[in-house]
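The values are calculated or read from the model by the stated rules, or taken from the named source; none is laboratory data. Only a predicted model underlies this, so the values are computations on that prediction, with no experimental measurement involved. Cβ coordinates were reconstructed from backbone atoms using ideal geometry, including for glycine residues, and neighbour counts include every protein chain displayed.
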Amino acid sequence: MSAMRKLPWRKRRGLQPKRPGMPGGVIRNVIVLPKLAANKLMRRRRLKKAGLDGHLVADTQDGTAAVSAMASAGAAASRLGNQRMRWVLPAKGPVCSAGNLEVYITRDRDAIRAAQALRYTVFYDEMGARPTPLARRLRLDMDRYDDICDHLIVVDRGMDEGEQLVGSYRLLRGVVARDNGGFYSADEYDLSPLMEQPMEQLLELGRSCVASSHRSKATIQLLWRGIAAYLAEHELTTLFGCASFHGRDPQAHAESLSYLRHFHAGDPEKSVRALPERYVDMALVPKDEIDARRVWKAMPPLIKAYLRLGGVIGAGAGVADQCGTVAVFVTVAMDQGGSRYDAHFDKRTDS
């Protein structure tokens, strides 16, 4: 400690020594308390300028709102940089496990915020998606569907407390979508062919995300085992969702898109179709010019997983400019893919 630091605080500030009988702390309180109040006021003004109210977080892009706890948690995440948010494991036990990895299905708000922080790291920091100003400030990937979905999360109990959440998936059942404005993918695709089935049998999968440190066969397999348990619990027969190629240029994935169109497309009259303003023709390369082995080797793991289950590709791809991806629509009928599911993803891996 320096000699200056050893002096009484009054002398360090050029003040006279406290006289006997003088009330202690008066001058300090006069100086400090207004300063604290001023700092608090400035913080409130900065939050309002950024679009944050004291009790609500206004999403300037889609007009949705989330509770103020999300704003404070997001601000903390911003201060921590790329560190994932601290949270507590859900009270309910894991759906399945393998070694240190455990799968939970939860609607716990803290766990959801941790998943949103992981999604931000993967989608925006790693993959180059373009965040809204609010998402950038909070470092959270979020929308209104997070509040109505169940969230499947993968945790690694062998990691530090703030780093345990290493994977997530968002699950939206048809009965929930029916009561809350529809499915997420309806903004990009015409889902009319799916709506011919009872809503109670439908499950939309979305926001698939795994940390770079855990992108292995074991993690993916465990994640899909959790989905299998969820399908059985709610008696769901059809799952669907968007799967993406990295990048905004369809031509960069011409052979892969053409492979999906020529070898895995459904009946054009009964297929889910990209909306006209987003539609991109997937038949970019003639069928006889496609090297299927090369394409399969480079195919994104999520799309491979769907195809192994007998997934059917919808008509037309779509470019998600903000997300920085080229997306295709996949539908899996579990009455046809159930045995394949057992063979590929429902193997016992518990330690």
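Structure values in brief
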| item | result |
| --- | --- |
| Selection count where residues are of a type in the set (S, T, N, Q) and farther than 27 Å from Q197 by Cβ, scope the range 153-182 | 1 |
| Counted residues, the range 225-234 - those being touching a residue at least 40 places away in the same chain (Cβ under 8 Å) and farther than 11 Å from V95 by Cα | 2 |
| Some residue of the range 149-158 being farther than 25 Å from A305 by Cβ and either out of contact with any His (no Cβ under 9 Å at 6 or more places or on another chain) or of a type in the set (G, A, S) (or both) | no |
| Boolean, L191 is surrounded by 17 or more Cβ atoms within 10 Å (Cβ to Cβ) and either at positive phi or free of Cβ contacts under 8 Å to residues at least 40 places away in the same chain (or both) | no |
| In the range 194-218, residue farthest from D267 (Cα to Cα) [restricted to those that are touching a residue at least 60 places away in the same chain (Cβ under 8 Å) and exposed (fewer than 15 other Cβ atoms within 10 Å of the Cβ)] | S212 |
| Restricting the range 142-178 to residues that are at pLDDT 95 or above and in a loop (DSSP other than H, G, I, E, B), the residue that is surrounded by the most Cβ atoms within 10 Å (Cβ to Cβ) | C149 |
| Among the candidates R348, R340, R273, R261, residue that is modelled with pLDDT under 90 and buried (at least 16 other Cβ atoms within 10 Å of the Cβ) | R340 |
| Whichever residue in the range 226-258 is among the small types (G, A, S) and either part of a strand (DSSP E or B) or surrounded by fewer than 17 Cβ atoms within 10 Å (Cβ to Cβ) (or both) and, among such residues, is farthest from the chain's Cα centre (by Cα) | A254 |
